[in-house]
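**Student:** Sharing a structure, written as C-alpha cells. Questions coming.
The values are calculated or read from the model by the stated rules, or taken from the named source; none is laboratory data. Keep in mind the model is a prediction, meaning the values are calculated, not measured. So basically every Cβ, Gly included, is an ideal-geometry build from the backbone, and we count neighbours across all protein chains shown. Please note that ligands, DNA and RNA were not included when accessible areas were found on the heavy atoms of the full protein model with its side chains. Shrake-Rupley method; radii C 1.70, N 1.55, O 1.52, S 1.80 Å.
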Protein chains: 2
Amino acid sequence: MTIDIDLKKTIDDSYQIHIDALPVLQYARKVAVVTNPTVSKLHLEYLLDRLDAPVVEVILLPDGEAYKNWESIETILDAMFEARFNRSSLLVAFGGGVIGDMTGFAASIFQRGIDFVQIPTTLLAQVDASVGGKTGINNTYGKNLIGAFHQPKAVYADPHFLATLPKREFAAGVAEIVKMAVTFDADFFAWLETADLSDPDALAEAVARSVRTKARVVAQDEKERGLRAALNYGHTFGHVIENETNYTAYLHGETVAIGMVMANDLAVRLGKMSASEASRVKALLQRHGLPTHYRIEDPEAFYEAFFLDKKSADDRITFILPRGIGDVEITDTVRKEDVLAVLSAYAEVP
Amino acid sequence: MTIDIDLKKTIDDSYQIHIDALPVLQYARKVAVVTNPTVSKLHLEYLLDRLDAPVVEVILLPDGEAYKNWESIETILDAMFEARFNRSSLLVAFGGGVIGDMTGFAASIFQRGIDFVQIPTTLLAQVDASVGGKTGINNTYGKNLIGAFHQPKAVYADPHFLATLPKREFAAGVAEIVKMAVTFDADFFAWLETADLSDPDALAEAVARSVRTKARVVAQDEKERGLRAALNYGHTFGHVIENETNYTAYLHGETVAIGMVMANDLAVRLGKMSASEASRVKALLQRHGLPTHYRIEDPEAFYEAFFLDKKSADDRITFILPRGIGDVEITDTVRKEDVLAVLSAYAEVP
C-alpha cells in the first residue's frame, strides 16, 4: 500500500538588507557573535555597544579561508552547546564572507536549524556573500562543496566597517561589483568606469546596485537551477586557482577577477564578446589594482580540476560566458580544445 | 537604505511511503547506497537486483549508534566526491534509523542539498525514522543535536527485511508503534493489546497505522513548533538514558520504552493519567520483551542532563505527558520536585 506524506507549504524566507549605520539591535534571546581576531580587534566594541541581549557569547575563529572547514564549524557548535544555546537562540555573523558562510552553515545544522543575522564587515561580503543564503565550508575536494541554503533573518551593511579595510580587500570587493555589472547591467558597468569609489556616496550607490541586482536574481532562482548560476561568472576558473594555491596566495575576489578575464578570453575566442569589451573589463579591474593574470603550470591538470567543481554536471563543465557587457550565457557545450587553447595562453611566461 | 530580498515561495516536499515488496527502481543518474556490513551481508544482493542506474556505488559505514557522528558523514561525502557525484546524484539510505538519519544529513549538505530515498530495513525505521525528514548525528553533548530537516523523495518499506530482524530489534520497533498509539489513537492501542504482530498482515496493518498517524502529525507541523513535539513522548527520559549508557547498552526503541514508563509515572503523579492506564502500557511493552526499568545512579545528575537536550527551551524542560491513553499534553511547567520524586524511585534497587 502507498501512503502520501503531504508537505506542500508556503515559506517566507524574505528579509531586508540595511545599508546604513548599524542601529541598536535588541534581542530577547541568547546571542552568539561569530567573528575572528582581526575584526574583533577593530570593531567588536562598536558592535557590542549596539547589541542588547540577555546573553552575548563571542566565538572567535582563526582568520582566513584556510580555516573554512569542519573544525571551525565544530568550534562554533561546541561553544553553543557549552553555553546551553537552544532552538530559539540566535547567531550573528560578524566579519567577511568566510565568517558569514560558516556562521550560516552552523546556524543551519545546530539543532536542525536556528536563526542568524549577518553583519558583513568587508566590501565583498556586503555586496555578495550577504545576499542569497548560500552557506558552507571547503574540503580537500574543493570550495563550498559542503553546505546548505539558509537565509539570514536580516543583513546590516554598515559603511563604517569599510573605512578600515586593507586596499587589497577593498579591491577584492570591487571585483564582485564588476562581476554583477558585466553579467546583468551595462549601464552600471559604464557608470563604474567613471565612478570614484573612494567617495562614500558613490560607494554606497555601488553596493546598493550590486545588492539589488543579486537580490533580483536570487529571488528568481534561490537554489541555482538556472539564472543564478550566472553569478558564478569568473568563479569556474577562479575556484581552480584558489584550489591550486591552497586558498593562501589570493583573496577570493582576486581569483574572481582573474577568472573573469579568463572567461572573457574564452568568450572572445567563441565570438560571444568583442576583444574591445574584454579589454574594458580588464582595464576596470586593473584600475582597482586587481590581478588579471595567473601562470598556469599544467593546462590539462587545470582542465581536469573543473570536474571537481560542483557546477559541473556529470561529464560536462558549465561555463558562464559574457555576451558582450551586461548579458551572459550559461553553457555546457564548450569544446575541450577551445578551453585548452585559452588555458595554454596562461601557461606561457607573460 | 533598505533593500527587500523577497523569497516567499511554495515548496512541494511531498512524497510517498510504499509498504510493499520493493519494486525495480530505475534512475538515470549516479546512485550511492549507504548501508552497514550487517544489512549488506543479508540484503544487499536483494537490493542490487532491484536497482537500475548508470553508476551504483556502495558506501559501508560501521554498524551502530556509536558511529552516528561526523566521521561517518565525512566517509559518505568523501566517497561521493571520489566518485565525482554532483548535484543531480542520488543517495539511498539502506538500513535502520541510524543509516537513514546519516544518509539524509549527508544528502542535505552535499553541495548544499541533493535528493535521497529511504529503504528502511528495521521495524523502527519503517514506522518512525522514515517519516518526517529529521536527519542528523550525535555529538558529545547529546543525540541528534546536529542535523537538518531534509525530506526523502520516496520511502520503500518492504516487509521482506523484517523477517531477518533479531527479536530485540523487532521489539524496539514495537516500542515506537506503542508510542504512536498512546499519544494519538486509543482504538489503535486497544487493537495492539490483542494483536499478534508475528502475523504478517497484522504487522503491515500496525506499520501502516503508525505511519499514517505520524504523517498526519508531521504534515501539520514539519519543523516541530507544536504538535510534532508530542512524538517525543518517552524520548526526553530516553535520550538521557542513551547518553548515560553511551548509546551502547540499549537500542533506541528500548530507551523509548523505559522513557514512556517514566513519563507515565510522572503523568500519574500529576493526575493526568490513571495508574491502571499506566499499567496497561507497561504490560503491552513487557509482552513484547521490552525493558521498562532503568537504574538511575544519581537523580540530580539525570535531571541536569535534560537541559542539554534540545527540546528544552532555555531554563525549562518540556515533557510529553499522556492524558490517559490516546491523548497527550506538551508542558514545560512541571516542578523539579515532582520530576525528582519520579526519578528517585528509579534510584532504588528494584
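**Student:** If you go through the range A:197-212 one residue at a time, how many are part of a loop (DSSP other than H, G, I, E, B) and touching a Leu at 6+ places or on another chain (Cβ under 9 Å)?
**Tutor:** Kept after step one, since they are part of a loop (DSSP other than H, G, I, E, B), are these residues of the range A:197-212: A:197-199.
Restricting the remaining residues to those that are touching a Leu at 6+ places or on another chain (Cβ under 9 Å) gives A:197.
The number of residues fulfilling the criteria is 1.
**Student:** Among (1) surrounded by fewer than 20 Cβ atoms within 10 Å (Cβ to Cβ); (2) more than 14 Å from chain B (Cβ to nearest Cβ), there is one condition A:L61 misses while meeting the rest; what is its number?
**Tutor:** All conditions are met except number (1).
**Student:** How many of the residues making up the range B:80-105 are closer than 26 Å to B:T164 by Cβ and not aromatic (F, W, Y)? Please lay out each step first, then the result.
**Tutor:** Step one: filter the range B:80-105 for residues closer than 26 Å to B:T164 by Cβ, giving B:90-104.
In the following step, the residues that additionally are not aromatic (F, W, Y) were identified as B:90-93, B:95-104.
Summing the residues that are closer than 26 Å to B:T164 by Cβ and not aromatic (F, W, Y) in the range B:80-105 gives 14.
**Student:** Find the residue count for the range A:64-75, including only residues that are within 11 Å of chain B (Cβ to nearest Cβ) and without any contact (Cβ under 8 Å) to a residue 60 or more places away in the chain.
**Tutor:** Of the residues in the range A:64-75, 2 are within 11 Å of chain B (Cβ to nearest Cβ) and without any contact (Cβ under 8 Å) to a residue 60 or more places away in the chain.
**Student:** Among the strands (runs of 3 or more DSSP E) confined wholly to the range A:79-158, which include 1 or more residues that are within 11 Å of another protein chain (Cβ to nearest Cβ) and open to solvent by 20 Å² or more (accessible area, probe 1.4 Å)? Write out each step before concluding.
**Tutor:** Working: elements: A:90-95, A:115-120, A:134-139, A:142-149, A:154-157.
So the answer is A:134-139, A:142-149, A:154-157.
**Student:** For residues that are hydrophobic (A, V, I, L, M, F, W, C) and surrounded by fewer than 20 Cβ atoms within 10 Å (Cβ to Cβ), scanning just the range B:171-196, find the one that is nearest to B:A263 (Cα to Cα).
**Tutor:** Restricting attention to the range B:171-196, the residues satisfying the condition of being hydrophobic (A, V, I, L, M, F, W, C) are B:171-172, B:174-175, B:177-178, B:180-182, B:184, B:186, B:188-192, B:195.
Now drop any that are not surrounded by fewer than 20 Cβ atoms within 10 Å (Cβ to Cβ), which leaves B:186, B:190-191, B:195.
Working: B:A186: 17, B:A190: 20, B:W191: 22, B:A195: 24 Å.
Per the stated criteria, the residue is B:A186.
**Student:** Conditions first: (1) closer than 28 Å to A:K9 by Cβ; (2) part of a strand (DSSP E or B); (3) at pLDDT 95 or above. B:H18 passes all but one, so which condition is the exception?
**Tutor:** B:H18 satisfies every listed condition except (3).
**Student:** Filter the range B:21-40 down to residues that are of a type in the set (V, I, T) and either assigned to a loop (DSSP other than H, G, I, E, B) or away from every other protein chain (no Cβ under 14 Å) (or both) and give me whichever is most open to solvent (accessible area, probe 1.4 Å).
**Tutor:** B:V24
**Student:** For the range A:64-75, enumerate the residues that are surrounded by fewer than 21 Cβ atoms within 10 Å (Cβ to Cβ) and under 15 Å from B:I146 (Cα atoms). Don't jump to the end; show me each part of the working.
**Tutor:** Of the residues in the range A:64-75, the ones surrounded by fewer than 21 Cβ atoms within 10 Å (Cβ to Cβ) are A:64-67, A:69-71, A:74-75.
Correct list: A:W70, A:E71, A:E74, A:T75.
**Student:** Would you tally the residues in the range B:198-212 being open to solvent by 10 Å² or more (accessible area, probe 1.4 Å) and out of contact with any Pro (no Cβ under 8 Å at 6 or more places or on another chain)? It would help to see each step written out before you state the result.
**Tutor:** Within the range B:198-212, the first condition is being open to solvent by 10 Å² or more (accessible area, probe 1.4 Å), and the residues that meet it are B:198-205, B:209, B:212.
Next, from what is left, pick out any that are out of contact with any Pro (no Cβ under 8 Å at 6 or more places or on another chain): B:198-199, B:201-202, B:205, B:209, B:212.
Result for the range B:198-212: 7.
**Student:** Could you check B:A208 against (1) away from chain A (no Cβ under 13 Å); (2) under 19 Å from the mean Cα position of the chain (by Cα) and say which number it fails?
**Tutor:** Of everything listed in (1) away from chain A (no Cβ under 13 Å); (2) under 19 Å from the mean Cα position of the chain (by Cα), B:A208 misses just condition (1).
**Student:** Scanning for something within 14 Å of chain B (Cβ to nearest Cβ) and either closer than 28 Å to A:L192 by Cβ or not basic (K, R) (or both), does the range A:253-276 turn up at least one residue? Break it down stepwise before answering.
**Tutor:** Step one: of the range A:253-276, the residues within 14 Å of chain B (Cβ to nearest Cβ) are none.
Checking the range A:253-276: not a single residue is within 14 Å of chain B (Cβ to nearest Cβ) and either closer than 28 Å to A:L192 by Cβ or not basic (K, R) (or both).
**Student:** B:I5: within 11 Å of chain A (Cβ to nearest Cβ) and within 20 Å of B:L165 (Cβ to Cβ), yes or no?
**Tutor:** Details: within 11 Å of chain A (Cβ to nearest Cβ): yes; within 20 Å of B:L165 (Cβ to Cβ): no.
Considered against the rule, which asks whether it is within 11 Å of chain A (Cβ to nearest Cβ) and within 20 Å of B:L165 (Cβ to Cβ), B:I5 comes out as no.
**Student:** Would you please list the contacts, defined by Cβ atoms under 9 Å and residues six or more apart or on different chains, that run from a residue in the range B:77-97 that is of a type in the set (D, E) to a residue that is open to solvent by 20 Å² or more (accessible area, probe 1.4 Å)?
**Tutor:** B:D78/A:N139; B:D78/A:T140; B:D78/A:Y141; B:E82/A:Y141; B:E82/B:E57
**Student:** Moving on. Give the range B:138-192 a look and list any residue that's in contact (Cβ under 8 Å) with a residue 60 or more places away in the chain, out of contact with any strand residue (DSSP E or B) (no Cβ under 7 Å at 6 or more places or on another chain) and of a type in the set (A, V, I, L, M), or say none.
**Tutor:** B:A171, B:A172, B:V174, B:A175, B:V178, B:A181, B:A186, B:L192
**Student:** I'm trying to understand the selection: among the residues of the range A:32-47, which are over 22 Å from the mean Cα position of the chain (by Cα) and in contact (Cβ under 8 Å) with a residue 12 or more places away in the chain?
**Tutor:** Keep residues of the range A:32-47 that are over 22 Å from the mean Cα position of the chain (by Cα), which gives A:32, A:41-42, A:44-47.
Within the range A:32-47, A:A32, A:L42, A:L44, A:Y46, A:L47 meet the criteria.
**Student:** Please note which helices (runs of 4 or more DSSP H) are completely contained in the range A:213-326 and include at least 1 residues that are out of contact with any helix residue (DSSP H, G or I) (no Cβ under 9 Å at 6 or more places or on another chain), buried (at least 17 other Cβ atoms within 10 Å of the Cβ) and among the polar types (S, T, N, Q).
**Tutor:** Numbers: elements: A:235-244, A:252-269, A:275-287, A:299-305.
Filter on the range A:213-326 gives an empty set.
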